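All of the numbers you see were taken from the coordinates with simple rules; none came from a lab. The structure displayed is predicted, hence computed values, not measured ones. In this analysis, Cβ positions are derived from the backbone assuming ideal geometry, glycine residues included, and neighbour counts consider all displayed protein chains.
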Amino acid sequence: MSNDSFALSAGYLKKLVPLMMKYEVPANPKNYALWYTYIANTDEALTKAMNESLQSSGSVSLEQCTELYEAHIADGQNEGIQSAQEGFEALALEISNTMVDTMKDTDVFQGALEKTFSQLARVDEESMSTEETIAVVRNALKGSKEIRQSTSFFKNQLADAQKEIERLKETLAEANEQAFNDALTGILNRRSFDKHLDKLIASPPERGFCLLICDLDHFKSFNDTYGHLMGDQVLKLTAKRLAQFCREGIEAFRYGGEEFALLVPNRPLGGGGRVAETIRASIDKLAIKDKKTGSKLDNITVSIGVAQFEKGESPRNLISRADAQLYEAKNLGRNRVMPIT
């Protein structure tokens, strides 16, 4: 990195930390990436969206941060993974080069040592003087010192490399997790949903599978009434409740905003509907306490649309059919599962 680039990045970071503290934004890698990009003004669409949110509500909620990250930054996570992989490659090359140099030094020392032994063998045969014998030994000691330094350097390189490898492994694991997990709720994100759905469609389970799309009822009104922090709490609790149903191959995803999706393998439409009804009833029992007033908020409900995969259909068509059932559930009064099975 050039001096100018370093100075520019440092300037952004000086603005970044106070700004995140001002708006009480959690200090995690995704939020750093989002707000850094905003301050650097390298994405016009992101800058516009952030400015609109700050002007309208005076803040950017965790939910909005997640949505903006997914829309504008998420694709760049692959760069983090690639960067870690490049680090591994550079590290391997450095160790390899050091090893080659050390082996060369070892070969040189071995040749010098053999020459020394050959010279010392002539002590009796040619009556070498004491001074000549000492000179031969001194040369051998000098070579020994040099090879010890070379091997010691290589040993230190290996120790440093081990530390760097551990750091890169952590970076790679973190980048992978960030690429496929939702920052707010911790469950799998939309990108992961797309990958899982494509995989199921490419190789459907023997008994097929169902897609469930869940939408929290009146969530916008809830946010307007109780604030985004309470809204974020509802999303977290909903995700936690959905995660409890992730067994026998079922996977839950944050689909976007207040929408969640579940992929339910080896269930026909009736089986998928029963899973959906159990989820609906479970979320209907959620009770959240308003920390400001101390009152319990027990009006959290969810509408769910269910669609069974039909052989040969596209992901878009399957999602569209589940969406249509979700809208029907909303139109019929919410807090229900459609179709009725």
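Structure data summary
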| read-out | value |
| --- | --- |
| Directionally averaged shadow of region 294-341, computed from the convex hull of its alpha-carbon atoms, nm² | 4.6 nm² |
| For a label point 7 Å along the Cα-to-beta-carbon line of H218, residues of region 286-311 with backbone N under 20 Å | 286-305 |
| Stokes-Einstein D (µm²/s) once Rh is taken as the Kirkwood radius of region 218-341 over alpha-carbon pairs, at 25 °C in 0.890 mPa s | 160 µm²/s |
| Selection from Y255, G227, Q308 lying farthest towards where the dipole of region 194-329 points positive, charges on Cβ | G227 |
| Trypsin sites (Lys or Arg not before Pro) restricted to region 207-296 and DSSP loop, no more than 11 other C-beta within 10 Å | R207, R247, K285, K291, K292 |
| Rg to Rh quotient for region 262-335, alpha carbon positions, Kirkwood Rh | 1.11 |
| Two-site FRET efficiency, T42 against M21, from Cβ-Cβ distance with R₀ of 25 Å, rounded to 0.05 | 0.65 |
| Net dipole in debye of region 183-250 [+1 Lys, Arg Cβ; -1 Asp, Glu Cβ; about Cα centre; nearest 20] | 220 debye |
| Amide N proximity, region 264-307 versus N317 label position 7 Å along Cα-to-Cβ, cut-off under 18 Å | 269, 306-307 |
| Net charge dipole size for region 213-298 [Lys, Arg +1 and Asp, Glu -1 on Cβ; Debye, nearest 20] | 340 debye |
| Region 172-289: C-alpha gyration tensor shape, a/c 1.5 cut-off, then a/b vs b/c | oblate |
